[in-house]
Structure formats: C-alpha cells, structure tokens
Amino acid sequence: MERTGSPRLNPLFRMQWEQAQQSWVLLYPEGMVKLNQSAAEILRRCDGERDVAAIVADLEQAFATGGLAGDVNAFLEIAGAQRWVVWK
Amino acid sequence: MTTPGPPLWLLAELTYRCPLHCVFCYNPVDFSAHEQELNTEGWLRVLREARELGAVQCGFSGGEPMLRADLEILVAEAHRLGYYTNLLTSGVGLNEQRAGMLRAAGLDHIQLSLQDSTREMNDFLSHTRTFDLKQRVARLIKDHGWPMVLNVVMHRLNIDHIGRIIEMADQLGAEYVELANSQYYSWAQLNREHLLPTREQLARAEAVTNEWRQRLGERMKLFFVVPDYYESRPKKCMNGWGNVFLTVTPDGTALPCHTARMLPGLEFPNVRDMGVREIWYDSEGFNRYRGTGWMKEPCRSCPEKEKDLGGCRCQAYMLAGDPAMADPVCDKSPQHQVVSDAVLQAQQSTPTSRPLVFRTPEESRRLLARP
C-alpha cells in the first residue's frame, strides 16, 4: 500500500547514532531498535516536510541510483505498523 | 569465550528507601543491611563511565528514586551524555514542581507503577493510601508530554481485575501497559503462596487482555508476562548474564541483574573501588555465568542452551540450591518437581495460613536477624 503525505518520526521515539554499536538506533521507553543503514537513511529523511516522492528522490540522488520507490514504500509500511513514523 | 559486547542498559537503583511496602517487591529482603547510598559524585561517575562503554538506556529506579534530592542533577547529566532516560517511580513525591524540573533536565519517559484498579487493593498491597495520588501523577505525566508506561505487577490478588485495570490505563492515556505477573524473587518469593495465581485465573486474564488488544488497536500497547512457573522452558534471564544489563545498587555494588546479590560464593565489585569498564569486562562477578561454559547437565548438552542460556541463576539457586544448575522452571531439570508442586498448590482455594509479609525496614531487619 502506498501512502501519500509526509511521514515524520513519532515523537515518542528518538533516533541517534551510537558510536559503541557503530549504528543508528531508535530509542523509546525501555527499549531500543538497531537500524540497518538503509532504514536509517530513510528515517532520517522523515521530517514531516518531505513527502514520499521527495524522500525517494533525495535518496536516489544521495546514493546515485534509481528505482528505490518500492523499497522505500515497503519500509515505510513496516515503520508505520511499528509506530516509528506517523503521517500528516 | 568471545569478548562480550558493551552494556546497553544501565539500571541505577538510587535508593532502597521507599514510601511503599509492596508485598511483591524485588529489592533484596536484606536491603536494610545495604543502606549506605552512593553520593551525587559517585553516581555522576557511574553515568559517565557506563555511557563511555556504550550504555544508552538509563533507568533511575529504587526503592523510590524521587526520594533522592539530586535526581534532577543525575537526569540532567544522563541526558547530556546522550542516554535515553527512564524514571521508574511509584509516583510518590512527583508533584508539579518536580515534574517541571525533571522535564527541564531532559527526562525522556516515566514508568508509573500501579497496584490495582481498586482503591482497597491498591492501598492494601502497598500498605499506603496512594490510589488517588497515582491518578493525579498519571495526569501530571501526560500534561508534561511524556510517554507513559504503566507497570502493574499481576498476581493472585489482583489478576481478576485485569479488564478494569486496562480500562483505567486507557482512561489515563498510557502508551504502554506492562501487565507483568510477579516473578518469584525476594519479597515476592516470601509471599509466593499468596501471589501465584491459578491456571484458570491466568487463562482468563490472557483472554481478557486479548479482547482489549482487539479493541484498543494501535492506541495502547499491552504486554502480558506469564509467571514463568507456568512455562515448561525458562526465560532467557536478563537476555544473558553480563550481556546487556548493568545494575548498580544504592550502595554502589554492580550486578548483572538486580537480584544477583543473593548468589553465594560470588563477590560483586563496587563502583567505589573499581571502574565500570573493569567491572563489566574483567570482574569475576560478571564473568562467572557468561556464555555457556559454566553449564552442567542437562543444560550442557541441551540443543536449546543458546536459546534460554539455562534460565535464571537466582532461580536455580533458590529452587535447586546451586546457581549453576538448570533453572527448575525447565521441565528437563531434575528439580522441576519443586515448581510443579508450587503450581499444584496454587490450584487450591486457600493456599496458605501464613500472613503476607510487607516490605518494610523493620521486616528486613527481622529477616536478617533470623538464624
């Protein structure tokens, strides 16, 4: 399912780089999710301003590649179900 | 053995002092012998050293951590260091002024304990008149924009109220509710016959919880923790000994879990004498039960040994008399009978004639004096 609108990180979560784990993590009450690189790159762009198309375009430019829309949408669906992102 | 990863969780038990006297408290029953609290400087050093190693979740707990006048200083430093900061409180002492100060210090989340949905049972179980206070504090937490976890220790005396408890949590605006059946350590172990629910109670409570999950959808998350006495395999206690959790007790003793001090023949280091790095990587206390090398049969040759790491060392000690045995919750344990007997007894309608023991300094001293 493709969503329209602009996802942003759920304010109940905090995302930060952890030196000891060499990874981005999502922190929430009494818990932590370790993010892989692509998840982190997508989530960092979920600022509530950019819509999905803009996020995809930005990623494709940053990584000099194309055809990321499917992956980004699939990830955002998971992220929504986990409540990591909310939509406005 | 491979080098362990860093501690990810620091549990700072700031004090054993507590205005509540809960019958299921997991603080050690001999807490009255360990009342020499670390000072502010000591805690600040622990926070810095653990963060340097990689700890990122920080829980301020107790006893009642609000009783420490320096709580805001510690939270502010933890926040500055980049921890996600959790306050685990009964709510006593959390007024408008201190909530504002904690918010300013950067506190990320509050976990509020709740004993029951009824005033009578809440006040009875905690031996205090705190029912109305908890409602007030829950509103205060929401007004300040914190995510709120309600932690309700479930047991024989309140488990039949679970539907009403969930309804109340929803009205209070909780994001997460932990319906955690009591684990039988410390005070809860003393009171086990009063607290262990029947099989029927458990089945009903789980069914009610599932109905509520349907109704609530994404609004509020419910975690239901079954008492491990009713399982046939043990829990992977603390996600592995010295694996992710570091507890520092009020007097500065560093432990792989908050009840490990009960284990015999094991010296645990104190942060007054040793740095956190040395404690985590080099101390005997943290290395003894890491990995699987310490195991005896039936764990040693068990195909599931990596899955649960033999369960809980404290439970093995309490129920089998040896911390290196299999956790008797496991039905492969030669001592499993101890657990099945307790479960069988719990099915009786009048489980015990012994009175409940409330967690008080007086009871603690009385238990210490016992031969």
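List of remarks:
- Label-point separation in nm, B:ARG164 to B:LYS296, each point 7 Å along Cα→Cβ: 4.7 nm
- Summary value for segment B:222-288: 24 percent relative contact order, contacts being C-alpha pairs under 8 angstrom separated by 6+ residues.
- Alpha carbon convex hull of segment A:7-82, volume per residue in cubic angstrom: 88 Å³
- Cα centroids of segment B:190-263 and segment B:271-345: 17 Å apart.
- Considered as an equivalent ellipsoid built on the Cα gyration tensor, segment B:90-130 has semi-axes of 26, 10, 6 Å, the largest given first.
- For segment A:56-62, putting each phi into the Karplus relation 6.51 cos²θ - 1.76 cosθ + 1.60 with θ = phi - 60° gives couplings of 4, 4, 4, 5, 5, 6, 4 Hz, in residue order, rounded to whole numbers and with x for Gly and Pro.
- Those trypsin sites (Lys or Arg not before Pro) in segment B:38-142 that DSSP places in a loop and that have at most 11 other beta carbons within 10 Å: B:ARG129
- Loop-located chymotrypsin sites (Phe, Trp or Tyr not before Pro) in segment A:1-83 whose Cβ has at most 11 other Cβ within 10 Å (DSSP): A:PHE63
- Percent breakdown of C-alpha pair distances by 20 Å bin, ordered from the shortest bin, for the protein assembly as shown: 22, 56, 20, 1
- Amide proton proximity set for B:ASN151, modelled H, under 5 Å, gap of 5+: B:LEU112, B:SER113, B:LEU114, B:GLU178
- Calculated P(r) of segment B:8-56 - Cα pairs past 13 Å, %: 65 percent
- Using equal-weight Cα scatterers in the Debye expression, the normalised intensity of chain B in log10 at q = 0.12 Å⁻¹ is -0.96.
- Projected label distance in nm at B:ASP273 and B:ARG48, using a 7 Å step from Cα toward the beta-carbon: 2.3 nm
- Of all aspartates and glutamates in the structure, those lying under 19 Å Cα to Cα from A:LYS88, and not within fewer than 8 positions of it along the same chain, are A:GLU2, A:ASP47, A:GLU49, A:ASP51, A:GLU77, B:GLU218.
- Restricting segment B:248-333 to GluC sites (Glu not before Pro) in coil, as DSSP defines it, with at most 15 other Cβ within 10 Å: B:GLU267, B:GLU304
- Computed from the Cα positions only, the extents of segment B:168-227 along the three principal axes stand at 37, 22, 15 Å, in decreasing order.
- In plain terms, the C-alpha convex hull of segment B:79-195 casts an average shadow of 7.7 nm² when viewed from every direction.
- For B:LYS134, a cut-off of 22 angstrom between C-alpha atoms picks up these lysines, skipping any fewer than 8 places away in its own chain: B:LYS142, B:LYS221.
- Charge sum, other residues only, whose C-beta stays under 13 Å from A:ARG83's C-beta, Lys/Arg counted +1 and Asp/Glu -1: 0
- Alpha-carbon gyration tensor eigenvalues x 5, square-rooted, for segment B:48-93, Å: 20, 11, 8
- Unit charges on C-beta of K, R, D, E only; dipole of the protein assembly as shown, Debye: 380 debye
- Two-decimal ratio, segment B:236-327, of alpha-carbon radius of gyration to 2.2 N^0.38 Å: 1.06
- Label point distance in nm, A:GLN19-B:ARG366, each placed 7 Å from Cα along Cα→Cβ: 5.2 nm
- Full-stretch length increase - B:ILE73, B:GLU211 - with 0.36 nm per residue and alpha-carbon distance subtracted: 45.4 nm
- Rg to Rh quotient for segment B:145-279, alpha carbon positions, Kirkwood Rh: 1.05
None of the figures in this text is laboratory data; all of them are computed from the coordinates on show. None of these values were measured; they are calculated from a predicted model. Here the Cβ is made from the backbone with ideal geometry for all residues, glycine too, and neighbour counts use every protein chain on show.
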